[in-house]
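In what follows, a structure is listed as structure tokens, so that the remarks can point back to it.
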Amino acid sequence: MKILQMCDVRWYNANAHYVFELTRGLLAAGHEVTLWVRENTPLAQRGKAAGLPVVSHRPGDPFKLFRLWWLIKRSGYDIVNVHRGSDLFLVMLLKLFYQVKVVVSRSDIRPFKNNVVNRWFFAQQVDQVILSGRFHLEQGMMAPFALPDECITVVPLGMEMPPLEPLTERPRPFRLVMVARFDRVKGHLILLDAFRRVQPAIPEVELGLIGYPAAISSAELRRAAAGLPVHIIDGPVDMQETLAGYQVGIIASTASEAVARSGLEYLNRGMPVIGTRVNSIPELVDEGVNGLLVPPDDPGALGEAMVRIYHEYTAFQAGVMRTRERYSLERMITATATIYGQLL
């Protein structure tokens, strides 16, 4: 199949990562795929660095619709997959001049705008909607739009899951980690509160915080972590190499998490996950099997989960080994390609 992936995103967030991995996986599966992205963005740069076919456009280009029409007409794409709301109107106009199958994907926490134009677009011009999590449906994202159930499919983000050997005993020292930008919505201060409460009960446990300053500075985190065995890394790292030194991954978010990308990184390394019951996280964590779920903004419950996973680590780690294939990149690519193929 010939597929155009459209993602007008300015930064490399979970949405951009979803599109990057989808494009890379579809190409590896033998399909012809092109990325249509805003120029000079991290997604454009990363795509080019990885050798992906990238066509970039300038914001405000008055000829953007013509350039898109000509690209599709010249290349003969079977599928146009739109990943950002900012591109919906452009594709709506495109379909007035050129008939192509349109798939709209949502791996963003924000709902589609409920207005007359979007309701008409989804009812008349969209062939399929792909959502990154069931929570989108549970929260009524698609309720305002007249689409039959068979035109809406959930395909979570996947990641390559290399073979790993299960551990037969708890490593020492025992290290927990959270990978997230330093932002209040990510729950760093809640996590540090929880860790301070339970650290005397599990004195050999250490905590790592990996990310970059956003709404919280590195200095504020260091003040909150004073006196605790906490390691703060606030810059670019080799994720595979860095996570190799940790045993349990944590997602303490109070909101956001449309795809919980850090959770996939943890499972990729064979790490059990402690997560909050927020958006896509419960779809990643199989409660009591590959990790534990706690209410958001609850340091007491988060601390109890840390203690439990410390004492029952080998059982949870074995659970990760049994379930991690559910979250593979191959599964994501196969599911998405099947949806595309059914439209042709």
| If we scan the range 227-234, do we find a residue that is buried (at least 24 other Cβ atoms within 10 Å of the Cβ) and in contact with a strand residue (DSSP E or B) (Cβ under 6 Å, 6 or more places away or on another chain)? | no
A careful count of residues in the range 209-226 that are outside any loop (DSSP other than H, G, I, E, B), touching a residue at least 24 places away in the same chain (Cβ under 8 Å) and surrounded by fewer than 13 Cβ atoms within 10 Å (Cβ to Cβ) gives 0
Within the range 101-122, residues of a type in the set (A, V, I, L, M) and modelled with pLDDT of 90 or more come out as Val102, Val103, Val104, Val116
When you check Val289 against the structure, is it surrounded by fewer than 17 Cβ atoms within 10 Å (Cβ to Cβ), outside any helix (DSSP H, G or I) and not aromatic (Phe, Trp, Tyr), yes or no?
yes
When Lys73 is run through (1) part of a helix (DSSP H, G or I); (2) closer than 19 Å to Thr336 by Cα, the failure sits at (2)
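Residues checked against (1) farther than 21 Å from Ala194 by Cα; (2) of a type in the set (S, T, N, Q):
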| residue | (1), (2) |
| --- | --- |
| Pro236 | yes, no |
| Gln247 | no, yes |
| Gly291 | no, no |
| Asp298 | no, no |
| Tyr310 | no, no |
| Thr338 | yes, yes |
Per the filter on the range 93-136, residues part of a helix (DSSP H, G or I) and exposed (fewer than 15 other Cβ atoms within 10 Å of the Cβ) are Leu93, Val116, Val117, Trp120, Ala123, Gln124, Arg134
Only one of (1) in contact with a helix residue (DSSP H, G or I) (Cβ under 6 Å, 6 or more places away or on another chain); (2) under 21 Å from Arg110 (Cβ atoms) does not apply to Ser262, and that is (1)
| query | Within the bounds of the range 127-143, is there any residue that is more than 26 Å from the chain's Cα centre (by Cα) and not assigned by TED's automatic domain parsing to the domain that holds Pro299? | reply | no
For Met141, the lone unmet condition from (1) touching a Pro at 6+ places or on another chain (Cβ under 9 Å); (2) of a type in the set (A, V, I, L, M, F, W, C); (3) closer than 30 Å to Asp234 by Cα is (3)
**OP:** Restrict the check to the range 48-70 and report whether at least one residue is farther than 19 Å from Gln128 by Cα and crowded, with 22+ Cβ neighbours inside 10 Å.
**Re:** yes
Those residues of the range 321-333 which are touching a residue at least 60 places away in the same chain (Cβ under 8 Å) and either exposed (fewer than 15 other Cβ atoms within 10 Å of the Cβ) or in a helix (DSSP H, G or I) (or both) amount to Met321, Arg324, Glu325, Tyr327, Leu329, Glu330, Arg331, Met332, Ile333
The residue that is farthest from Leu329 (Cα to Cα), considering only those in the range 300-311 that are in contact (Cβ under 8 Å) with a residue 40 or more places away in the chain and surrounded by 20 or more Cβ atoms within 10 Å (Cβ to Cβ), is Gly303
Gly249 meets each of (1) at pLDDT below 95; (2) closer than 20 Å to Met159 by Cβ with one exception, condition (1)
Considering residues that are in a loop (DSSP other than H, G, I, E, B) and either in contact with a Ser or Thr (Cβ under 7 Å, 6 or more places away or on another chain) or loosely packed, with under 13 Cβ neighbours inside 10 Å (or both), the number found within the range 137-159 is 8
Of the conditions (1) modelled with pLDDT of 95 or more; (2) buried (at least 24 other Cβ atoms within 10 Å of the Cβ); (3) over 21 Å from Gly208 (Cβ atoms), the single one that Asp297 does not satisfy is (2)
Quick count over the range 172-203, residues being part of a loop (DSSP other than H, G, I, E, B) and either exposed (fewer than 13 other Cβ atoms within 10 Å of the Cβ) or within 21 Å of the chain's Cα centre (by Cα) (or both), is 7
Note on the range 235-284: residues under 18 Å from Pro162 (Cβ atoms) and either of a type in the set (D, E, K, R) or surrounded by fewer than 16 Cβ atoms within 10 Å (Cβ to Cβ) (or both) are Asp238, Met239, Gln240, Glu241, Ala244, Gly245, Arg261, Glu265, Arg269
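Going through Ile72, Ile79 one at a time, which residue ends up being β-branched (Val, Ile, Thr) and either modelled with pLDDT under 90 or over 16 Å from Val19 (Cβ atoms) (or both)?
Ile72
The values are calculated or read from the model by the stated rules, or taken from the named source; none is laboratory data. Because the structure is predicted, anything quoted here is derived from the model rather than measured. Reconstructed Cβ throughout: ideal geometry from the backbone, glycine too, with neighbour counts over all protein chains shown.
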